[in-house]
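One structure below.
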Number of protein chains: 2
Amino acid sequence: MKELFISTLVGQVRALDQFGTWTNRTDEDILKEKYVKTKEDLKNIPVIADIDEMQIQDIRLIYQSIALAFETKTGIMCSVVMEMSHEGFGRVVVIADKIVIVNKFFKDAHRHSFRTYEKLEEEGEKMLKSVMEIYEEYKK
Amino acid sequence: MKELFISTLVGQVRALDQFGTWTNRTDEDILKEKYVKTKEDLKNIPVIADIDEMQIQDIRLIYQSIALAFETKTGIMCSVVMEMSHEGFGRVVVIADKIVIVNKFFKDAHRHSFRTYEKLEEEGEKMLKSVMEIYEEYKK
């Protein structure tokens with residue numbers, strides 16, 4: 001049984017696979033391709049570079065999945081608002097009702113990634129735990 | 001003595017007047033040019049059209065002024081996150097600490113305007129009052 005964050009993220013990513021390109025690939029394989037970059041990979045990505053729409057979308061999906069997983073757990077609607085410059089500077093907030101449950105800044109967003117698949121899983125669950133705590137603290 | 005919202009907005013708009021184009025024009029005159037469109041004016045703006053960066057910036061300044069005016073009143077830092085598609089669909093949130101004090105959706109943002117200068121003043125003060133109330137309700 002997969003953790004909620006990962007299964008939501010897989011669902012989101014697969015939902016965008018309009019042409020069935022990923023049908024025969026495993027979930028882990030797809031998420032690795034999108035989100036995992038080793039130190040070695042990062043060496044080949046310039047520090048200063050433009051970010052493309054696809055990468056912005058991929059980052060957005062992570063927060064969209066946090067929002068959806070939070071909805072699944074609590075039944076409370078949330079939404080993602082993201083601002084990203086073409087240089088990869090940006091910000092994302094996830095809001096539930098009147099509460100900001102995620103507020104994250106980016107720089108070098110074109111390098112945004114996780115070192116291993118396990119790290120992605122772990123970070124996602126950690127974020128999900130934190131949003132629940134914040135919501136509990138601030139909710140009316 | 002001008003109301004806080006209007007004086008903040010004037011400050012923001014004038015701060016962007018790099019080349020001194022507006023130095024000899026009154027505050028009211030400048031804000032009217034940017035934000036006031038009569039019904040007659042609106043008739044000449046197509047319902048479906050693209051929004052340009054300048055207009056997006058102008059709308060942003062309104063919320064930036066709400067954020068700044070709130071900071072002036074309370075000493076609490078806030079920030080604006082805005083997402084706007086080129087078709088003029090979008091969303092803006094203003095957040096103070098972990099609280100969403102403004103959450104507004106746009107459609108036809110290229111037509112975003114106020115009918116009179118007085119209306120702009122009034123709406124701004126109303127928004128400022130509402131953000132104070134929301135903050136008071138949710139703050140820890």
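The values are calculated or read from the model by the stated rules, or taken from the named source; none is laboratory data. All values derive from a computational prediction rather than experimental measurement. No Cβ is skipped: glycine too gets one built from the backbone with ideal geometry, and neighbour counts run over all protein chains shown. Heads up: the accessible areas ignore ligands, DNA and RNA and are worked out on the full protein's heavy atoms, side chains in. Shrake-Rupley method; radii C 1.70, N 1.55, O 1.52, S 1.80 Å.
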Subject >> Conditions (1) in contact with a helix residue (DSSP H, G or I) (Cβ under 6 Å, 6 or more places away or on another chain); (2) modelled with pLDDT under 90; (3) closer than 26 Å to B:V131 by Cβ; number of the one not met by B:A49 >> reply: (3)
Original post:
When the stretch B:91-121 is examined, which residues are found to be more than 12 Å from chain A (Cβ to nearest Cβ), among the polar types (S, T, N, Q) and assigned to a strand (DSSP E or B)?
Top reply: none
**OP:** Would you confirm whether any residue within the stretch A:22-42 is open to solvent by less than 60 Å² (accessible area, probe 1.4 Å), within 14 Å of chain B (Cβ to nearest Cβ) and at pLDDT 90 or above?
**Re:** no
Original post:
Checking B:R60 against (1) farther than 20 Å from A:M84 by Cβ; (2) of a type outside the set (F, W, Y); (3) more than 9 Å from chain A (Cβ to nearest Cβ), which test does it fail?
Top reply: (1)
**OP:** Being in contact with a helix residue (DSSP H, G or I) (Cβ under 7 Å, 6 or more places away or on another chain) and in contact (Cβ under 8 Å) with a residue 40 or more places away in the chain is the filter here, so list the residues in the stretch A:99-114 that pass it.
**Re:** A:I99, A:A109, A:H110, A:R111, A:H112, A:S113, A:F114
Subject >> Exclusive hit being open to solvent by 10 Å² or more (accessible area, probe 1.4 Å) and either farther than 21 Å from A:V92 by Cα or more than 14 Å from chain A (Cβ to nearest Cβ) (or both), set B:G124, B:G75, B:G88 >> reply: B:G75
**OP:** Evaluate the following for B:E137: is it within 12 Å of another protein chain (Cβ to nearest Cβ), open to solvent by 50 Å² or more (accessible area, probe 1.4 Å) and modelled with pLDDT of 95 or more?
**Re:** no
**OP:** Give the residues of the stretch B:57-72 that are within 14 Å of the chain's Cα centre (by Cα) and open to solvent by 30 Å² or more (accessible area, probe 1.4 Å), sorted by residue number.
**Re:** B:Q57, B:R60, B:Q64, B:L68
**OP:** Tell me the helices (runs of 4 or more DSSP H) entirely within the stretch A:1-85 that contain at least 3 residues that are in contact with a Ser or Thr (Cβ under 6 Å, 6 or more places away or on another chain).
**Re:** A:4-15, A:53-74
Subject >> Residue check for A:I6: open to solvent by less than 30 Å² (accessible area, probe 1.4 Å), touching a Gly at 6+ places or on another chain (Cβ under 8 Å) and under 26 Å from B:G90 (Cβ atoms) >> reply: no
